[in-house]
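One structure is given below, encoded as structure tokens.
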Amino acid sequence: MRQLMICLLVIYMVSVSSVCIASTGLHKENKGADWGGTDYMPEEKQFRMVDIIGKKRDGASLSKGEIQYFIDGCVDGSIPDYQTSALLMAIYFQGMEDRELADFTMAMAHSGEMIDLSPIKGVKVDKHSTGGVGDKTTMAVAPIVASCDVKIAKMSGRGLGHTGGTVDKLESIPGYRTVLDKDEFFNQVNEIGASVIGQSGNLAPADKKLYALRDVTGSVPSIPLIASSIMSKKLAAGADCILLDVKCGSGAFMKNVADAVTLAEKMVTIGEHNGKRTMAYVTNMNMPLGQNIGNALEVKEVVDVLNGKGPEDLTKECEELSATLLMMAGKGRHSECLAMVKEVIKNGQAMNKFKEMVQAQGGDVSVFDDLDGFTKAAVCYEVKADRDGYIASMDTEAIGIASTMLGAGRETMESVIDPTAGITICKKTGDKVHVGDVLAVFHTSREELLSPAVKRYLEALTYSQQTPGQSKLVYAVVDKNGVKKL
Ligand code: URA
């Protein structure tokens, strides 16, 4: 009897411990398989922000519960800015592992409205640039893909720091409305195939708060913070396919190719794990894209691209991105999609689509018939070379700042943009110049803004006596299968 009792006790203990082992194993397994994270968190668990900051400062990963507590407190204002900023700086230094980054991104996306694009028929695509100088590709890509029967319902941002924003550029067209109500937005995309508007007020409000603090506390150029900031908005915006243009170089947040590729990989992983077909291009921002920086000037250059007369780098990038979006939407192989893109530019459909989109949003399309009048600024000033040589490099961030100084961007939150202000670049990296050649034409409404901007521009250029090597337009393409370096 005694032996039987001992035997039953042993069986009981073994079975209890194996249940414990199995459940621990299951918990771990779930954590790996479920991208959203499954940390067990008792309802009553109380977090302290100071502990969360300390944990990240020391390099540990935050749990899903801790992340949710932080994001909720950020949005409802219960966490003070100094603690939020401290955590952001800890993340800047310690980074985030993949599960943690996915939880952080999803918590940010769900902090506001998750837009349901299902009233729009068919596959919906979206594109996003991480921010550059002279990057006007969205305005060309939207009508190009729409002319190839792929829908693009795009929410864009305003200029940030030295980088321009699509919304500011489109608003240089008199009457163009960047605020549409949801039904109007959906109807326009159903009817015309494209709409580009400003970001809805309630899209990822956590990002709005975090971005504003990062901007003034030195934590903008952090790979996990940029990845979560961009992808939270993209996931909330509801498209099926997301194409990211990760800018790399002196005019971008990512200054080197390795960091830009890592950022691209992180964003592609986040998108794919959330059921979105996601790809990323890593492109050159060591010089401005195209020849014009500034709002009306960039609209003019987009019209040139759509009329088949745009600068080579900009045209190529717009064609590449458009073809890739068509491919992602299932329109065919990349080469077939590229042929479709070139055809709609050649036969005028893409330009007509741009007009249709602008008109539908209240914009005055007659400006496209008089582009010189549309872009004419009160003051135009030629900046001339003071030496002979080849342009060896352009500090593109400084050039973006020079354009802002002319009135094309905001110096403060209250600044009013001058739509005709900006820079037309006549000589870029690799070009040979002689003393007296025009390097750039500055456009502004206020003559007194010229002198500091010219100084900034000239300091941004370096020269050499030999021709620098040809620079690449695209460094790499990233998809769920990995990185293809070009
Ligand atoms: N663009 C964003 O939306 N967020 C960043 O963090 C950087 C660029």
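Remark: pairs (first residue in region 94-117, without any contact (Cβ under 8 Å) to a residue 40 or more places away in the chain; second residue of a type outside the set (Ser, Thr, Tyr) and surrounded by fewer than 17 Cβ atoms within 10 Å (Cβ to Cβ); Cβ separation under 9 Å; 6+ apart in sequence or on different chains) = GLN94/ARG57; GLN94/ASP58; GLN94/GLY59; GLN94/ALA60.
Among the residues of region 247-275, which ones are within 10 Å of the ligand (Cβ to nearest atom) and either of a type in the set (Val, Ile, Thr) or in a loop (DSSP other than H, G, I, E, B) (or both)? Correct list: ALA252, PHE253.
Somewhere in region 166-177, is a residue buried (at least 22 other Cβ atoms within 10 Å of the Cβ), within 16 Å of the ligand (Cβ to nearest atom) and not basic (Lys, Arg)? Scanning region 166-177 turns up at least one residue that is buried (at least 22 other Cβ atoms within 10 Å of the Cβ), within 16 Å of the ligand (Cβ to nearest atom) and not basic (Lys, Arg). The residue of region 205-223 that is surrounded by the fewest Cβ atoms within 10 Å (Cβ to Cβ), among those that are within 9 Å of the ligand (Cβ to nearest atom) and part of a loop (DSSP other than H, G, I, E, B), is PRO221. Of the numbered criteria (1) modelled with pLDDT under 95; (2) out of contact with any helix residue (DSSP H, G or I) (no Cβ under 6 Å at 6 or more places or on another chain), the one ALA60 fails is (1). The condition of being assigned by TED's automatic domain parsing to the domain that holds MET155, more than 12 Å from the ligand (Cβ to nearest atom), under 20 Å from ILE91 (Cβ atoms) and not hydrophobic (A, V, I, L, M, F, W, C) does not hold for THR278. In this structure, ARG158 qualifies as under 14 Å from the mean Cα position of the chain (by Cα) and within 16 Å of the ligand (Cβ to nearest atom). Out of the residues in region 224-236 that are among the aliphatic types (A, V, I, L, M) and within 13 Å of the chain's Cα centre (by Cα), state the one that is farthest from the ligand (Cβ to nearest atom). It comes out as LEU235.
A search for C-beta distances below 6 Å between a residue of region 132-160 that is closer than 26 Å to GLU414 by Cβ and in a helix (DSSP H, G or I) and any residue that is basic (Lys, Arg) and at pLDDT 95 or above, counting only pairs 6+ apart in sequence or on different chains, returns nothing. Taking region 469-485 as the range and being among the polar types (S, T, N, Q) and surrounded by 17 or more Cβ atoms within 10 Å (Cβ to Cβ) as the test, no residue passes. Checking every residue in region 124-138 against the condition of being hydrophobic (A, V, I, L, M, F, W, C) and within 14 Å of the ligand (Cβ to nearest atom) gives at least one match.
The values are calculated or read from the model by the stated rules, or taken from the named source; none is laboratory data. Here the structure is a predicted model, which is why all the values come from computation and not from measurement. Using ideal geometry, Cβ is built from the backbone for each residue, glycine included, and neighbour counts are taken over all protein chains shown.
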